[in-house]
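For reference, the structure is listed below as structure tokens.
Computed from the coordinates by the stated procedures, all read-outs in this text should not be read as laboratory data. Quick caveat: nothing in here was measured; it's all calculated off a predicted structure. Backbone-built Cβ (ideal geometry, glycine too); neighbour counts: all protein chains shown.
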Amino acid sequence: MEKARELNPSELMHEYLRHKKRFPHLWCSGCGIGTIMGAIIRAIADCELDRDSVVMVSGIGCSSRMPIYVDFNTLHTTHGRPIAFATGIKLARPELEVIVVTGDGDVAAIGGNHLIHACRRNINLTVVCINNNIYGMTGGQASPTTPQGKVATTARYGDFERAFDLCDLTAGAGAVFVARGAVYYARQLEKLVAQAIRKKGFAFVDVISQCPTYYGRFNKFKSPVEMLYWQRDNTVNVKAAPKMKPEELEGKLITGVLADRDYPEFTELYDELIADLAAGRK
Ligand SMILES: Cc1ncc(C[n+]2csc(CCOP(=O)(O)OP(=O)(O)O)c2C)c(N)n1
């Protein structure tokens, strides 16, 4: 990774993408996933991680295709299960940097239970959720983060269920690091992912992303650019929020680091237990 620091942004992308073997990619034009992939690659370079020490794990979905395109150790698993696979990798090889890339359906619907228990367990993983508020890959069904009133294939008159705030959910379940970023703020996102990687313990980054093909079309966004402007106009940085009036914050999503605290890490506790048992202390 020494070399990565000397590369310009475009060379960096070429260095860490499997562009010769795996491109063209399957993402629609205007999708947010590519921007997020760029931010993750830059964050990994910024943390000076060796390519062979990084493992990217995903489930199934458009977002979960990312490990196919990046040149790290990669694992494309089953829908909803990336955190379970990542937990196994981290326990077997705690020295590896394990990054989960997932979608809001993958991590909060079918994989919701794995998510909350990984938070509680505080295992040293970084989870980046590409939150486009819909099931992209399977045709735009409602997900646990579809905002109330918004249209999806399975909610033609608007979804009347309340949406999960994934940052509140993960902070409540015990994650030691929780942050929210957005595709519109790609540079901030890069820094948030780097902070999440550096944090010892379970780190969760919720990324507001856009699916122009389903969410955008169903909900009358004219273009991907309009969806990006929506992100700009409906977010407030956590540092600016305390200076604002409650009515100004109404309906806004807070971006930045939302929780950062310390708690013993699972693989370290596990190693301690093994050492205690081997030494007859337990
Ligand atoms: C066990 C199982 N159930 C359902 C599916 C079908 N399926 C594949 S991807 C997906 C939803 C993906 O949505 P999300 O995780 O939000 O990712 P996105 O495609 O929006 O990036 C579903 C339901 C599956 N592959 N496996």
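Looking only at the range 156-182, which residues are farther than 12 Å from F204 by Cβ, touching a residue at least 24 places away in the same chain (Cβ under 8 Å) and touching a strand residue (DSSP E or B) at 6+ places or on another chain (Cβ under 7 Å)?
Selection gives A182 alone.
With the requirement that a residue be more than 8 Å from the ligand (Cβ to nearest atom) and either surrounded by 19 or more Cβ atoms within 10 Å (Cβ to Cβ) or of a type in the set (A, V, I, L, M) (or both), what does the range 132-142 give you? Outline the logic, then answer.
To start, the set of residues in the range 132-142 that are more than 8 Å from the ligand (Cβ to nearest atom) comprises 133, 139-140, 142.
N133, G140, A142 - these are the residues of the range 132-142 that are more than 8 Å from the ligand (Cβ to nearest atom) and either surrounded by 19 or more Cβ atoms within 10 Å (Cβ to Cβ) or of a type in the set (A, V, I, L, M) (or both).
Which residues, counting only those in the range 186-221, are polar (S, T, N, Q) and crowded, with 24+ Cβ neighbours inside 10 Å?
Start the filter on the range 186-221 by keeping residues that are polar (S, T, N, Q), which leaves 188, 195, 209-210, 213, 219.
Matches in the range 186-221: S209, Q210.
Among what's in the range 203-224 and is farther than 26 Å from V257 by Cβ and of a type in the set (A, V, I, L, M, F, W, C), pick the residue that is nearest to the ligand (Cβ to nearest atom). First the steps, then the outcome.
Residues of the range 203-224 farther than 26 Å from V257 by Cβ: 212-224.
Next, only the ones that are of a type in the set (A, V, I, L, M, F, W, C) stay: 218, 221.
On the way: F218: 13, F221: 16 Å.
Among them, the one singled out is F218.
Looking at the structure I just gave you, is T145 over 17 Å from the mean Cα position of the chain (by Cα) and either near the ligand (Cβ under 8 Å from one of its atoms) or in contact (Cβ under 8 Å) with a residue 12 or more places away in the chain (or both)? Write out each step before concluding.
On the way: over 17 Å from the mean Cα position of the chain (by Cα): no; either near the ligand (Cβ under 8 Å from one of its atoms) or in contact (Cβ under 8 Å) with a residue 12 or more places away in the chain (or both): yes.
No; evaluated as a whole, the condition is false for this residue.
Among the listed residues T74, T78, T87, T35, which satisfies the condition of being β-branched (V, I, T) and within 10 Å of the ligand (Cβ to nearest atom)?
Numbers: T74 fails: within 10 Å of the ligand (Cβ to nearest atom); T87 fails: within 10 Å of the ligand (Cβ to nearest atom); T35 fails: within 10 Å of the ligand (Cβ to nearest atom).
It is T78.
If you check R42 against the conditions, is it surrounded by 17 or more Cβ atoms within 10 Å (Cβ to Cβ), more than 30 Å from R217 (Cα to Cα) and more than 16 Å from the ligand (Cβ to nearest atom)?
Numbers: surrounded by 17 or more Cβ atoms within 10 Å (Cβ to Cβ): yes; more than 30 Å from R217 (Cα to Cα): yes; more than 16 Å from the ligand (Cβ to nearest atom): yes.
Judged against the criteria, R42 is a match.
Return the pair list, or none, for Cβ contacts closer than 7 Å from residues in the range 102-116 that are near the ligand (Cβ under 7 Å from one of its atoms) to residues that are assigned to a strand (DSSP E or B) and of a type in the set (G, A, S), at least 6 apart or on different chains.
Listed pairs, sorted by first residue: T102/S58.
Output the qualifying pairs, or none if there are none: Cβ atoms under 8 angstrom, residues six or more apart or on different chains, first residue in the range 66-79 and of a type in the set (S, T, N, Q), second residue more than 13 Å from the ligand (Cβ to nearest atom) and part of a strand (DSSP E or B).
Every condition considered, the pairs that remain are N73/V54; N73/V55; N73/M56; T74/V55; T74/M56; T74/V57; T77/V57.
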